[in-house]
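Colleague: I'd like to ask you about the structure that follows.
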Amino acid sequence: MQPSQLLDQTTTKLEAALGHFQEELNKIRTGRAHAGALDKLMVKAYGVSMPIKQLANITAPEAQLIQVTPFDPGNLQAIASSIREDQSLGLNPVDDGAVIRIQVPPLTTERRTEIVKQLGDIAEDCMIKMRNSRHESLKEAETAKKSKAITEDDFRDIGKQMDELMSKYKNKVDLLVAAKEKDIMTV
């Protein structure tokens, strides 16, 4: 394997880890209502479990309100009970027969602090994935060096480039964490 291929492969893995991290950040509640809070919710409808996005239109018309409008009014009760039963959301939906409204209570300072701690855990998981990707790539480079596919100098250059790449991606993660933390702590 060529050094450039190895670096491209590692960059792809780091991008995937960063993308996953950004998806996880979008799930974290910041005190304001957002439609993405319900994205991962599964609802039992038509005899199967389906993502809520396939069953309803989700909007946040106000800062403290999420509105769910089912495409089929027959699924209203199933959607409402799925939201109510999901303990990780901690939300209590109210339906008027056509639309489900969910009041999002403001976060307390304690809860904001807990969420920031969770944010740190998610960031650390991302960094672990990134370090594992770098470690795998360095193992491949070590194997290529032992089989004389690359020279000692190439191996050293790959190591330096991997460290620069990791530093670049760590900075990206740190910037995302700082922005999300600021968002969470803003009342």
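The values are calculated or read from the model by the stated rules, or taken from the named source; none is laboratory data. A quick note: this is a predicted structure, and the numbers were derived from the prediction, not measured. Ideal geometry is used to build each Cβ from the backbone, glycine not excepted, and the neighbour counts take in all protein chains shown. For the accessible areas, the whole protein counts, side chains as well, though only heavy atoms, and no ligand, DNA or RNA atoms are used. Shrake-Rupley method; radii C 1.70, N 1.55, O 1.52, S 1.80 Å.
Colleague: Which residues, counting only those in the stretch 58-76, are loosely packed, with under 13 Cβ neighbours inside 10 Å and not small (Gly, Ala, Ser)? Even if it seems obvious, please write down each step before you answer.
Modeller: The first filter runs over the stretch 58-76 and keeps only residues loosely packed, with under 13 Cβ neighbours inside 10 Å, leaving 61, 63, 71-74.
Across the stretch 58-76, the qualifying residues are Pro61, Phe71, Asp72, Pro73.
Colleague: Ok, one more. Looking at Ile102, Ile28, which is the one that is over 22 Å from the mean Cα position of the chain (by Cα), under 25 Å from Ile184 (Cβ atoms) and open to solvent by less than 30 Å² (accessible area, probe 1.4 Å)? Talk me through it step by step, then tell me what you get.
Modeller: Working: Ile28 fails: over 22 Å from the mean Cα position of the chain (by Cα).
Result of the check over Ile102, Ile28: Ile102.
Colleague: Restricting to the stretch 31-49, count the residues that are buried (at least 17 other Cβ atoms within 10 Å of the Cβ) and either of a type in the set (D, E, K, R) or over 21 Å from Pro105 (Cα atoms) (or both).
Modeller: Qualifying residue count for the region: 2.
Colleague: Of these, Ile150, Ile184, which one is β-branched (Val, Ile, Thr), out of contact with any Asp or Glu (no Cβ under 7 Å at 6 or more places or on another chain), on the phi < 0 side of the Ramachandran plot and not in a helix (DSSP H, G or I)?
Modeller: Result: Ile150 is the single residue among Ile150, Ile184 that is β-branched (Val, Ile, Thr), out of contact with any Asp or Glu (no Cβ under 7 Å at 6 or more places or on another chain), on the phi < 0 side of the Ramachandran plot and not in a helix (DSSP H, G or I).
Colleague: Evaluate the stretch 146-156: report whether one residue or more is under 30 Å from Gly74 (Cα atoms), modelled with pLDDT under 90 and small (Gly, Ala, Ser). Can you show your working first?
Modeller: At the first step, the residues of the stretch 146-156 found to be under 30 Å from Gly74 (Cα atoms) are none.
No.
Colleague: Is there a residue in the stretch 154-174 that is in a helix (DSSP H, G or I), aromatic (Phe, Trp, Tyr) and open to solvent by 30 Å² or more (accessible area, probe 1.4 Å)?
Modeller: The first filter runs over the stretch 154-174 and keeps only residues in a helix (DSSP H, G or I), leaving 154-174.
Cutting the leftovers down to aromatic (Phe, Trp, Tyr) gives us 155, 169.
Adding the requirement that they be open to solvent by 30 Å² or more (accessible area, probe 1.4 Å) leaves 155.
Among the residues of the stretch 154-174, at least one is in a helix (DSSP H, G or I), aromatic (Phe, Trp, Tyr) and open to solvent by 30 Å² or more (accessible area, probe 1.4 Å), which makes the answer yes.
Colleague: Turning to a different aspect of this structure: So for the stretch 17-25 (the condition being modelled with pLDDT of 90 or more and farther than 28 Å from Gly120 by Cβ), does at least one residue qualify?
Modeller: No, the stretch 17-25 contains no residue that is modelled with pLDDT of 90 or more and farther than 28 Å from Gly120 by Cβ.
Colleague: Oh, and also: Hey, among Ala123, Ala149, which residue is open to solvent by 60 Å² or more (accessible area, probe 1.4 Å) and of a type in the set (Gly, Ala, Ser)? First the steps, then the outcome.
Modeller: Details: Ala123 fails: open to solvent by 60 Å² or more (accessible area, probe 1.4 Å).
After applying the criteria, what remains is Ala149.
Colleague: Taking the conditions exactly as written (closer than 26 Å to Leu41 by Cα and of a type in the set (Val, Ile, Thr)), does Ile100 satisfy them or not?
Modeller: On the way: closer than 26 Å to Leu41 by Cα: yes; of a type in the set (Val, Ile, Thr): yes.
Answer is yes for this residue.
Colleague: When you scan the stretch 9-19, do you find a residue that is of a type outside the set (D, E, K, R), within 26 Å of Leu107 (Cβ to Cβ) and surrounded by fewer than 17 Cβ atoms within 10 Å (Cβ to Cβ), even just one?
Modeller: The initial filter retains those residues of the stretch 9-19 that are of a type outside the set (D, E, K, R), namely 9-12, 14, 16-19.
Add one more test, that the residue is within 26 Å of Leu107 (Cβ to Cβ), and what stays is none.
Checked against the condition, which is being of a type outside the set (D, E, K, R), within 26 Å of Leu107 (Cβ to Cβ) and surrounded by fewer than 17 Cβ atoms within 10 Å (Cβ to Cβ), the stretch 9-19 yields no hits at all.
Colleague: Here are some residues: Ser81, Ser88. Which one is open to solvent by 90 Å² or more (accessible area, probe 1.4 Å) and either of a type in the set (Gly, Ala, Ser) or not in a helix (DSSP H, G or I) (or both)? I'd like the intermediate steps shown before the answer.
Modeller: Numbers: Ser81 fails: open to solvent by 90 Å² or more (accessible area, probe 1.4 Å).
The conditions single out Ser88.
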